[in-house]
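Quick notes on the structure that follows.
Since every read-out is calculated from the coordinates, none of them should be taken as a lab result. Keep in mind that what you see is a predicted model, and the values were worked out from it rather than measured. With ideal geometry, Cβ positions are generated from the backbone for all residues, glycine too; neighbour counts draw on all protein chains shown.
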Amino acid sequence: MLNKLSLALAVLSLSVALVSAGYSCAKPCYGNMCCSIPSDNSYYLTDFCGSTSACGPIPSCTGGQYFTADSQRFGCGKYLNVCRGSKCIKSAVIDAGPAMWVEQDAGRAIIDGSPQLCKELFGVNSCGWSDHFSITALVAGADDLRPVGPFNVTEADMIQLTKIHEEELIKCGLSR
Ligand SMILES: *[C@@H]1O[C@H](CO)[C@@H](O)[C@H](O)[C@H]1NC(C)=O
């Protein structure tokens, strides 16, 4: 009886914690990640680097690199426009991650990016999930010729980038 009660309380407090964290993944995938794309395209930015990746290219720790993880959501070889206000950085998707528990702890989906993204968008050398650095991430069009790296956008540009993003999601069958 007591055991059942404490189990019920544990389940209740766990669900309260999940609800209050404000994050739920519509499409968990690959055992420990989330494949769904938030409807508002809004994420927290974290950073990573290393010597191997899920897609092949090395996520180098040296500066000046523009890449992200999140291939489970967007696919290897895609490009993301990662934006904070009027500043965007086109980045190559070259690795999988983060683990879903990190997004649950943060309370929002996460774009894990190269340290250069933190530097240029937030003026810091690294960023963790608890920093809660808000960004928007939009899939670049397949025929987008812009090189990787920073660029400035107007509000009209953002509307256009968002439109292209929504079209890419449909074309590529990516899930919300
Ligand atoms: C973006 O605009 C800022 C000024 O607001 C400027 O300093 C910067 O060079 C611009 N970046 C690019 C890539 O054009």
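Taking the residues in region 145-176 that are part of a loop (DSSP other than H, G, I, E, B) and within 16 Å of the ligand (Cβ to nearest atom) as candidates, determine which candidate is surrounded by the most Cβ atoms within 10 Å (Cβ to Cβ). Spell out how you get there, then give the answer.
Filtering region 145-176 for residues part of a loop (DSSP other than H, G, I, E, B) gives 145-148, 153-154, 173-176.
Right, trim to within 16 Å of the ligand (Cβ to nearest atom) and you get 145-148, 153-154.
On the way: LEU145: 6, ARG146: 12, PRO147: 9, VAL148: 14, VAL153: 16, THR154: 9.
Once the filter is applied, the top-ranked residue is VAL153.
Residues are listed down the side, and each one gets a yes or a no for (1) of a type outside the set (Gly, Ala, Ser); (2) loosely packed, with under 15 Cβ neighbours inside 10 Å; (3) outside any loop (DSSP other than H, G, I, E, B):
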residue	(1), (2), (3)
GLY97	no, no, no
GLN104	yes, no, yes
SER130	no, yes, yes
ALA142	no, yes, no
Conditions (1) closer than 23 Å to ARG108 by Cα; (2) in contact (Cβ under 8 Å) with a residue 24 or more places away in the chain -> GLU166 fails only (2)
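Results for (1) in contact with a Leu (Cβ under 8 Å, 6 or more places away or on another chain); (2) more than 27 Å from GLY22 (Cα to Cα); (3) among the charged types (D, E, K, R), shown as yes or no for each residue.
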position: ALA69; (1), (2), (3): no, no, no
position: PHE74; (1), (2), (3): yes, no, no
position: ASN152; (1), (2), (3): no, yes, no
position: ALA156; (1), (2), (3): no, yes, no
position: ILE170; (1), (2), (3): no, no, no
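Taking region 109-127 on its own, how many of its residues are outside any helix (DSSP H, G or I) and either surrounded by fewer than 18 Cβ atoms within 10 Å (Cβ to Cβ) or of a type in the set (Ser, Thr, Tyr) (or both)?
The first filter runs over region 109-127 and keeps only residues outside any helix (DSSP H, G or I), leaving 109-114, 123-127.
Filter once more, keeping what is either surrounded by fewer than 18 Cβ atoms within 10 Å (Cβ to Cβ) or of a type in the set (Ser, Thr, Tyr) (or both): 114, 123-126.
Number satisfying all stated conditions: 5.
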Within the set of pairs 6+ apart or on separate chains, which have a first residue in region 131-147 that is closer than 9 Å to TYR43 by Cα, a second that is polar (S, T, N, Q) and in a loop (DSSP other than H, G, I, E, B), and C-beta atoms under 7 Å apart? THR136/ASN41; ALA137/ASN41
Does region 20-34 hold any residues that are surrounded by fewer than 18 Cβ atoms within 10 Å (Cβ to Cβ) and at negative phi, and which are they? SER20, ALA21, SER24, CYS25, ALA26, LYS27, PRO28, CYS29, ASN32
List pairs: first in region 71-82 and among the aliphatic types (A, V, I, L, M), second assigned to a loop (DSSP other than H, G, I, E, B) and surrounded by 21 or more Cβ atoms within 10 Å (Cβ to Cβ), Cβ under 7 Å, 6+ apart or cross-chain? LEU80/ALA140
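Considering only region 85-107, how many residues are charged (D, E, K, R) and within 12 Å of the ligand (Cβ to nearest atom)? If you could, list the steps in order and put the result at the bottom.
In the first step, residues of region 85-107 are kept if they are charged (D, E, K, R); the result is 87, 90, 95, 103, 105.
Narrowing the set further to residues that are within 12 Å of the ligand (Cβ to nearest atom) leaves 87, 90.
Looking only at that region, the number is 2.
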